[in-house]
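Participant: For reference, the structure I am asking about is given below.
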Amino acid sequence: MICFLCASNDSRPFLKCGTHDLVQCSQCGLIRTETFTCGETAYEGGEYFNFKNQYVSRWNEFLSMFRTLVAKIAIHRPPPARLLDVGTGVGALLAAAREAGYRVTGTEISPWAAAFAREEKKQAVMTGTLAEASLKSGQYDVVVLNHVLEHVGNPRDLIVEAKRVLADDGVLVIGVPNVASLMCALRGGRWVSLRPEEHIWHFSPATLRALLREIGCNEVAFEARENHAPTGGRIKALIIRVINQAAVLLERGEAMLMFARKQMDHHS
Ligand SMILES: [Zn+2]
């Protein structure tokens, strides 16, 4: 397997996760699932990695999570603005964004999820990849790629296309798991966000920044938070809270969220 970021095929072992081998590119440090077999066609089936019912039954939970994300987006580009969510699933982020006053569109490669978003939630969702949607250049003020890059064969091609459909001062929003997180260091192959059966690429703050730099986007904000709120008794919750704070400060929280602005091409 070849590293999409630097095109090297030289790697060293990183972690074993179940039956999968994760390796680290010797040249650029990007981690990948060397034994990845799934392929993007997997999303076309009805299973959608067996989470179909969960996405629908936990709609309110997702909606509330995405309201938080939309509030963060609004800091960088407040509504009304044109927002595109790539890989929108059943459209919960679109619902939260529309409620906040954005003009929203989505793309989704799972036919059942796209149909659910259109029919049940009345969202403007195109079935297929972003490239297949053949959108006009400069059409959107915000493009969201939330937990998408780690799933696709070539994240660079996807970001380049996302940048093309962004307006000149548009904001790109990228969410990916952080393989350099404390949780991953602590749990190793048992860290829940590795999911090697679905995730080809495992980004760290360094490799995500390398990708954005290369395609010509300027970072405007970055955070790496923990996914889960502290639970358990007072002492345990306090310890978790301290660890979470440290993880955020060190950019070692589990979930990375990057806001970037498109660089104007006339510089180059
Ligand atoms: Zn590489």
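Participant: Just to be sure before I move on: is residue 170 part of a strand (DSSP E or B) and surrounded by 20 or more Cβ atoms within 10 Å (Cβ to Cβ) in the structure I sent?
Facilitator: yes
Participant: Oh, and also: Return the pairs, sorted by first residue and then second, in which the second residue is open to solvent by 50 Å² or more (accessible area, probe 1.4 Å) and within 16 Å of the ligand (Cβ to nearest atom), the first residue lies in the range 15-30 and is over 20 Å from residue 211 (Cα atoms), the beta carbons are less than 7 Å apart, and the residues are 6+ apart or on different chains.
Facilitator: Every condition considered, the pairs that remain are 21/13; 21/34.
Participant: Search the range 221-236 for residues that are in contact (Cβ under 8 Å) with a residue 40 or more places away in the chain and pair each with any residue that is in a loop (DSSP other than H, G, I, E, B) and small (Gly, Ala, Ser) when their beta-carbon atoms are under 6 Å apart and the residues are at least 6 apart or on different chains.
Facilitator: Listed pairs, sorted by first residue: 224/253; 226/253.
Participant: Among what's in the range 1-20 and is within 12 Å of the ligand (Cβ to nearest atom) and not in a loop (DSSP other than H, G, I, E, B), pick the residue that is least open to solvent (accessible area, probe 1.4 Å).
Facilitator: Selected residue: 11.
Participant: Would you list the strands (runs of 3 or more DSSP E) that sit entirely within the range 65-134 and hold 1 or more residues that are open to solvent by less than 70 Å² (accessible area, probe 1.4 Å), without any contact (Cβ under 8 Å) to a residue 40 or more places away in the chain and not basic (Lys, Arg)?
Facilitator: 103-108, 125-127
Participant: A further question follows. Any idea which of 194, 212, 208, 186 is without any contact (Cβ under 8 Å) to a residue 60 or more places away in the chain and more than 29 Å from residue 74 (Cβ to Cβ)?
Facilitator: Values: 194 fails: without any contact (Cβ under 8 Å) to a residue 60 or more places away in the chain; 212 fails: more than 29 Å from residue 74 (Cβ to Cβ); 208 fails: more than 29 Å from residue 74 (Cβ to Cβ).
After ruling out the rest, the residue left standing is 186.
The rows are residues; the columns are (1) more than 22 Å from residue 36 (Cα to Cα); (2) assigned to a loop (DSSP other than H, G, I, E, B); (3) open to solvent by 20 Å² or more (accessible area, probe 1.4 Å); (4) not hydroxyl-bearing (Ser, Thr, Tyr).
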{"position": "194", "(1), (2), (3), (4)": "no, yes, no, yes"}
{"position": "199", "(1), (2), (3), (4)": "no, yes, no, yes"}
{"position": "219", "(1), (2), (3), (4)": "yes, no, yes, yes"}
{"position": "224", "(1), (2), (3), (4)": "yes, no, no, yes"}
{"position": "228", "(1), (2), (3), (4)": "yes, yes, yes, yes"}
{"position": "258", "(1), (2), (3), (4)": "yes, no, no, yes"}
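Participant: Can I ask one more? Mind checking whether some residue in the range 152-164 is open to solvent by less than 10 Å² (accessible area, probe 1.4 Å) and part of a loop (DSSP other than H, G, I, E, B)?
Facilitator: Looking through the range 152-164, none of the residues is open to solvent by less than 10 Å² (accessible area, probe 1.4 Å) and part of a loop (DSSP other than H, G, I, E, B).
The values are calculated or read from the model by the stated rules, or taken from the named source; none is laboratory data. If you're wondering where the values come from, they're calculated on a predicted model, not measured in any experiment. All Cβ positions, glycine included, derive from the backbone under ideal geometry; neighbour counts span all protein chains shown. Accessible surface is based on the protein model in full, side chains and every heavy atom, while ligands, DNA and RNA are left aside. Shrake-Rupley method; radii C 1.70, N 1.55, O 1.52, S 1.80 Å.
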